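So the structure is just underneath, and the comments pick up after that.
Each value in this text was obtained by applying a stated rule to the coordinates, not by laboratory testing. Note that the structure is predicted; figures quoted are calculated from it, not measured. Virtual Cβ from ideal backbone geometry, glycine too; neighbours counted across all protein chains shown.
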Amino acid sequence: MPDIGPDDAIRVLLGRAPVTIATNATLREAAEALTEESIGVILVSGAHPGALVSERDIVRALADGADPDAEQVGNVMALDVLSVGPDDVIAEVTARMLDSEIRHAPVVEDEHVIGVISTRDLLAVAAGRG
């Protein structure tokens, strides 16, 4: 496999299909899924395409007093998220994510989320492990 570099398209970093969760799932269920899958964000199915719930969203809700067994993902999910295309260049996506202060971005093709890019993916490229 050839080395992946900052001038390559994001598509080369896509691996498994994105993990999804229902809007009516509880924060505890979301946290359990994040832990089980060893990921930092889950796509919310049945919501706006690209809607996400992240570790940060859950922590913020809990800090505000949310009950993890009652509060639903749909009430804390992020709707207005930066998305990227599969042919966007890794270096440009990295800059956009840094500028937006985000750690995850859905990869959208033909109005469907085909994956999620994380800062971990981008760091692997920077470290020559992509």
Sorted by chain and number, the residues with a modelled amide H under 5 Å from that of ILE4, at a separation of 5 or more or across chains, are GLY130
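Express as a percent, rounded to the nearest 5, the fraction of DSSP beta bridges in the chain (both residues included) that run antiparallel. Walk me through the numbers on the way to the answer.
Details: 12 of 16 bridges.
DSSP beta bridges in the chain are roughly 75 percent antiparallel.
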Compute the acute angle (0 to 90°) between the alpha-carbon long axis of helix 90-100 and the principal axis of greatest extent of the alpha-carbon atoms of the chain; round to the nearest 10°. 40
Backbone HN-Hα couplings from phi across the stretch 110-125 [Karplus 6.51/-1.76/1.60, Hz, Gly and Pro as x]: 6, 6, 10, 7, 9, x, 9, 9, 10, 4, 4, 4, 5, 5, 4, 5
Using the 2.2 N^0.38 Å rule of thumb for compact globular proteins, work out how the chain stacks up: its C-alpha Rg over that value, please. 1.07
If amide hydrogens are placed 1.01 Å from N in the peptide plane, which non-local residues have theirs closer than 5 Å to the one on THR23? SER45
The long-range amide H neighbours of GLU109, using H built 1.01 Å from N in the peptide plane and a cut-off of under 5 Å, are ILE114
Pop the C-beta distance of SER38 and ASP7 into the FRET formula with R0 = 30 Å and round what comes out to the nearest 0.05. 0.55
Using θ = phi - 60° and Karplus 6.51 cos²θ - 1.76 cosθ + 1.60, couplings along the stretch 26-41 (whole Hz; Gly, Pro as x): 7, 4, 4, 4, 5, 4, 5, 5, 4, 5, 4, 8, 6, 10, x, 8
When the helix-only estimate is applied to the chain (DSSP H runs of n ≥ 4, each -39,500 (n - 2.57), divided by the residue count), what is the mean residue ellipticity at 222 nm, nearest 500 deg cm²/dmol? -8500 deg cm²/dmol
